[in-house]
Each structure stands twice: as structure tokens, then as C-alpha cells.
1. Go through ALA77, ALA60, ALA100, ALA24 for me and flag whichever is of a type in the set (Gly, Ala, Ser) and surrounded by 18 or more Cβ atoms within 10 Å (Cβ to Cβ).
2. Within region 18-46, track down each residue that is farther than 23 Å from VAL99 by Cα and either in contact (Cβ under 8 Å) with a residue 12 or more places away in the chain or assigned to a helix (DSSP H, G or I) (or both).
3. Taking the conditions exactly as written (at pLDDT 95 or above and either farther than 28 Å from GLU5 by Cα or among the aromatic types (Phe, Trp, Tyr) (or both)), does ASP63 satisfy them or not?
4. Hey, any hits in region 66-77 for a residue that's closer than 23 Å to VAL34 by Cα and either assigned to a helix (DSSP H, G or I) or free of Cβ contacts under 8 Å to residues at least 12 places away in the same chain (or both)?
5. Would you call VAL88 free of Cβ contacts under 8 Å to residues at least 60 places away in the same chain, in the same structural domain as HIS121 (by TED's automatic domain parsing), surrounded by 15 or more Cβ atoms within 10 Å (Cβ to Cβ) and out of contact with any Lys or Arg (no Cβ under 8 Å at 6 or more places or on another chain)?
6. I'm trying to understand the selection: among the residues of region 104-121, which are in contact with a helix residue (DSSP H, G or I) (Cβ under 6 Å, 6 or more places away or on another chain), within 16 Å of ASP63 (Cβ to Cβ) and part of a loop (DSSP other than H, G, I, E, B)?
7. I'm trying to understand the selection: among the residues of region 90-103, which are in contact with a helix residue (DSSP H, G or I) (Cβ under 8 Å, 6 or more places away or on another chain) and either acidic (Asp, Glu) or not in a loop (DSSP other than H, G, I, E, B) (or both)?
Amino acid sequence: MTLNEDSKTVDLFQTLDQTKPDLAKQCWNVAKGVVIKAKRYDLARKYITNPARDFILVKASYDRNTAFYDDPTIGGAQFKEYNENHFVEETLQLIEVAVALDNPKAAKEVQEKALAVVDDHRLKDAIPAPAKDVQE
């Protein structure tokens, strides 16, 4: 489904969402990165209804992959780096959607749980600080 052209991928996914919702649901994991990158939170809202619940799936995938860290045929340290980076990127997408959908509680919950797994500056900076009123 990836066309290496983000806007076309988003358009195709939107068409699937409108005309073949069951197929769109099956394709979500392939399209979600570009849909979120395009800030199409209207679509993301349909497929990420509970960011904290989706985090459980991201964490489970991360945990499964840690079993391969000691296997030199997989890549050892390089695979560990890949797995941790993938975990952070997937988590950042969930936080971004939660913030965009005005669900700061879910965003904070996902952030805290992810930081307990991987101490990464991107996770620490994922939730924008509330804007402070500027007094003149």
C-alpha cells in the first residue's frame, strides 16, 4: 500500500476508509505513519480510539523483539538499536495523536509508560508544555 508518495498514500487510505472500511482497518498499520505525518487526525481518530490501549500493542512488539538481542544472525546491538528506535517512533505517534485529539491524560500515560522502558529524550519532549499567558 505504500506508494513512496505520502500524499497519494493518504488519499488511497482515505478512499479505502470511505469505500471499504474493513480493508482500511486491515491496512491501518501500513498507512498510519503517513496518515499521522500528514496530520490527518480525523482518520487517525477512527483507528486509534485509545492511545493507551494501542501502546500495549507497541510494547508487546518491543518485548517480543528483545528476545533476539543476543542472536548475532539478527544483528545483535544493531537490532537492539533498531527495536528501541522503532518503539520510540511508534510511541511518539500515539502521543502526537492523543495531544491532537485533546486527550492529555492518554498522552501523559503513554509517555510515562514508554519512559519506563526506554529513556529517550524524544519521549521526554513529546508533550508540549502548556502555553503560559504572557503579561505585558
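The values are calculated or read from the model by the stated rules, or taken from the named source; none is laboratory data. For clarity, every value in this text was computed on a predicted model and none was experimentally measured. A quick note on method: Cβ atoms are made from the backbone with ideal geometry, for glycine too, and the neighbour counts reach across all protein chains shown.
1. On the way: ALA77 fails: surrounded by 18 or more Cβ atoms within 10 Å (Cβ to Cβ); ALA60 fails: surrounded by 18 or more Cβ atoms within 10 Å (Cβ to Cβ); ALA100 fails: surrounded by 18 or more Cβ atoms within 10 Å (Cβ to Cβ).
That would be ALA24, the only listed residue that is of a type in the set (Gly, Ala, Ser) and surrounded by 18 or more Cβ atoms within 10 Å (Cβ to Cβ).
2. Going residue by residue through region 18-46, those that are farther than 23 Å from VAL99 by Cα are 18-24, 26-27.
Of everything in region 18-46, those that are farther than 23 Å from VAL99 by Cα and either in contact (Cβ under 8 Å) with a residue 12 or more places away in the chain or assigned to a helix (DSSP H, G or I) (or both) turn out to be GLN18, THR19, PRO21, ASP22, LEU23, ALA24, GLN26, CYS27.
3. Numbers: at pLDDT 95 or above: yes; either farther than 28 Å from GLU5 by Cα or among the aromatic types (Phe, Trp, Tyr) (or both): yes.
Spelling it out, ASP63 is indeed at pLDDT 95 or above and either farther than 28 Å from GLU5 by Cα or among the aromatic types (Phe, Trp, Tyr) (or both).
4. For region 66-77, residues closer than 23 Å to VAL34 by Cα and either assigned to a helix (DSSP H, G or I) or free of Cβ contacts under 8 Å to residues at least 12 places away in the same chain (or both): absent.
5. On the way: free of Cβ contacts under 8 Å to residues at least 60 places away in the same chain: yes; in the same structural domain as HIS121 (by TED's automatic domain parsing): yes; surrounded by 15 or more Cβ atoms within 10 Å (Cβ to Cβ): yes; out of contact with any Lys or Arg (no Cβ under 8 Å at 6 or more places or on another chain): no.
No: the conditions fail for VAL88.
6. Selection gives VAL118 alone.
7. Here is the first cut: in region 90-103, the ones in contact with a helix residue (DSSP H, G or I) (Cβ under 8 Å, 6 or more places away or on another chain) are 90-101, 103.
Hits for region 90-103 are GLU90, THR91, LEU92, GLN93, LEU94, ILE95, GLU96, VAL97, ALA98, VAL99, ALA100.
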